[in-house]
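The values are calculated or read from the model by the stated rules, or taken from the named source; none is laboratory data. What you see is a predicted model, and the numbers here were worked out from it, not measured in a lab. Every residue, glycine as well, gets a Cβ built from its backbone with ideal geometry; the counts of neighbours run over all protein chains shown.
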């Protein structure tokens, strides 16, 4: 099974990268050292923040309807080798040890907006 994912690793963070997922957006990935978790900000072409979230395992990265955010794929932090464990681990905060090495930001199928 070939999976598509956003190519981000813990070694790169903090970082901002543009991805075209429906439309082109800037994704900012930040790390909270004190609490050991990552966040993601999605910005439009005018550098306005459209959405901010903490990255949690097996939970959709964009879990709300946001005006002006037209991402047409699910983005789910997931380790593809842990299919059986996914329901147990769902909601676990993604930490520095796992982000970008074992847990990838998997892109789901395209959806119509």
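Here residue 20 qualifies as over 16 Å from residue 97 (Cβ atoms), at pLDDT 90 or above, out of contact with any strand residue (DSSP E or B) (no Cβ under 7 Å at 6 or more places or on another chain) and part of a strand (DSSP E or B). Of everything in segment 96-113 that is surrounded by fewer than 17 Cβ atoms within 10 Å (Cβ to Cβ) and more than 17 Å from residue 62 (Cα to Cα), the residue that is modelled with the highest pLDDT is 96. Step by step: first the residues of segment 21-35, then only those that are surrounded by 15 or more Cβ atoms within 10 Å (Cβ to Cβ) and under 14 Å from residue 95 (Cβ atoms), then the one that is farthest from the chain's Cα centre (by Cα). Which residue is that? Out of the qualifying residues, it is 31.
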